[in-house]
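So the structure is just underneath, and the comments pick up after that.
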Amino acid sequence: MTFLRPVLSIFLVALFLSCSQTDKGRTSYGEALGTTYSIKYYSEDIIPMDKALDSIFEKVNQSMSTYRESSDISRLNRGDTLVRVDSLFQEVFRLSRQVHNESGGYFDPTVGDLVNQYGFGPESGPKVIDSVTIDSLMQFVGFQRLKLENDRVVKEFPEIYLDFNAIAKGYTVDLIGHYLDSKNVEDYLIELGGELLARGKNREKEAFWTVGIDDPQQEEGQRELTAAIELKNRAMATSGNYRKYSTNPETGAMYVHTINPLTGFAEQSDLLSVTILAENCALADAYATAFMAMGYDLSKIILNKLDNVDAYLIYATNDGAIGEYASPGFEEVMKEF
């Protein structure tokens, strides 16, 4: 489920322009959660963003950051059974349960120990990776081995390690959106590390917000798009690690490697990039991660069972070519560029 070298790379076609007296367009940008953010919104009043954003980022970090030793999730991972988790943690737990069930287990926040074993968590450097080691870790993997009771997380085994990094960033975008909603802001575009949430329109363009999706065949440092869409009151998240892949010497087919939460091993996937549209960014973030682990065929099957979720899949064919698939709902919002 977790990528060996994740790349979340989305280029915003909708530029974050400076504000003017006529359109009341305002911007806020900075760094948080190990990445950057940009927020464009329209309001007659200047919304106090800095303190609100600092508060949101601090709450998310204190609740769910595995990189902060004092966070609730870090304390839980150390076996502290007295931790009472806050409402943010509980909502992410509930959403994770939903995606875990609907993805057949391909989204699983209990793969934290596997992530650490491969050297892509807060514990740096890869460790021994063999069948014996993976089997020993897999007994502590499985979101079904957790439950929430009276604000406490109850584990089947104390060794279970939680990692919400594949959903927390999208959830943070949603929290920012809720704040703007509370201030009666109707038109905004939020971007945090490539995750997006749009409401209303880009008033300067007098159109829905337009965003682009990177071409997976471009070289590092290039900025070529493969698609552009109108983001109409929805969230969008893209997952991919297509710049690090292997090639089958006989067929020329390209593969990326992802950690499969059902087996514990890094396995080949023919999906190079997944872009998800959903009602909120937490779900978009989580489904994008799950689909990367599933691969192309299973992703299409699961996608057809989901309500209000659309996807754009870029995949490698058996002969080494690049294929594209857009669900009907995704096709409706695609634009020429």
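Residues checked against (1) of a type outside the set (S, T, N, Q); (2) out of contact with any Pro (no Cβ under 7 Å at 6 or more places or on another chain); (3) under 18 Å from L262 (Cβ atoms); (4) at pLDDT below 95:
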{"position": "V115", "(1), (2), (3), (4)": "yes, yes, yes, yes"}
{"position": "E123", "(1), (2), (3), (4)": "yes, yes, no, yes"}
{"position": "P126", "(1), (2), (3), (4)": "yes, yes, no, yes"}
{"position": "S131", "(1), (2), (3), (4)": "no, yes, yes, yes"}
{"position": "R145", "(1), (2), (3), (4)": "yes, yes, yes, no"}
{"position": "D151", "(1), (2), (3), (4)": "yes, yes, no, no"}
{"position": "V154", "(1), (2), (3), (4)": "yes, yes, no, no"}
{"position": "N165", "(1), (2), (3), (4)": "no, yes, no, yes"}
If we scan the range 50-65, do we find a residue that is modelled with pLDDT of 95 or more, over 25 Å from A198 (Cβ atoms) and in contact with a His (Cβ under 7 Å, 6 or more places away or on another chain)?
no
Identify all residues within the range 45-73 that are under 19 Å from R145 (Cβ atoms) and either surrounded by fewer than 19 Cβ atoms within 10 Å (Cβ to Cβ) or not hydrophobic (A, V, I, L, M, F, W, C) (or both); write none if there are none.
T66, D72
May I ask you to verify whether E186 is under 25 Å from N61 (Cβ atoms) and surrounded by fewer than 19 Cβ atoms within 10 Å (Cβ to Cβ)?
no
Under 7 Å between Cβ atoms, which residue pairs at least 6 apart in sequence (or on different chains) link something in the range 274-301 that is touching a residue at least 60 places away in the same chain (Cβ under 8 Å) and under 22 Å from Y171 (Cα atoms) with a partner that is assigned to a helix (DSSP H, G or I) and basic (K, R)?
D285/K169
In the range 76-104, anything in a helix (DSSP H, G or I), touching a helix residue (DSSP H, G or I) at 6+ places or on another chain (Cβ under 8 Å) and either over 21 Å from M294 (Cβ atoms) or aliphatic (A, V, I, L, M) (or both) is listed as N77, L88, F89, E91, V92, L95, V99
Being more than 23 Å from G320 (Cα to Cα) and touching an Asp or Glu at 6+ places or on another chain (Cβ under 8 Å) is the filter here; which residues of the range 263-276 pass it?
G264, I276
Here is a check on your reading of the model: is E191 assigned to a loop (DSSP other than H, G, I, E, B) and either modelled with pLDDT under 95 or farther than 17 Å from F330 by Cβ (or both)?
no
Identify all residues within the range 148-180 that are polar (S, T, N, Q) and surrounded by 22 or more Cβ atoms within 10 Å (Cβ to Cβ); write none if there are none.
N165, T172
Is the range 307-325 home to any residue that is of a type in the set (A, V, I, L, M, F, W, C) and closer than 18 Å to A198 by Cβ?
yes
Exception for D108 within (1) touching a Gly at 6+ places or on another chain (Cβ under 8 Å); (2) among the charged types (D, E, K, R); (3) exposed (fewer than 12 other Cβ atoms within 10 Å of the Cβ) falls at (3)
So, of the residues in the range 54-69 that are within 17 Å of the chain's Cα centre (by Cα) and not in a loop (DSSP other than H, G, I, E, B), which turns out to be nearest to E31 (Cα to Cα)?
F57
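The values are calculated or read from the model by the stated rules, or taken from the named source; none is laboratory data. All values reported here derive from a predicted model rather than from experimental measurement. Neighbour counts are summed over all protein chains in view; Cβ atoms, including those assigned to glycine, are modelled from backbone coordinates with ideal geometry.
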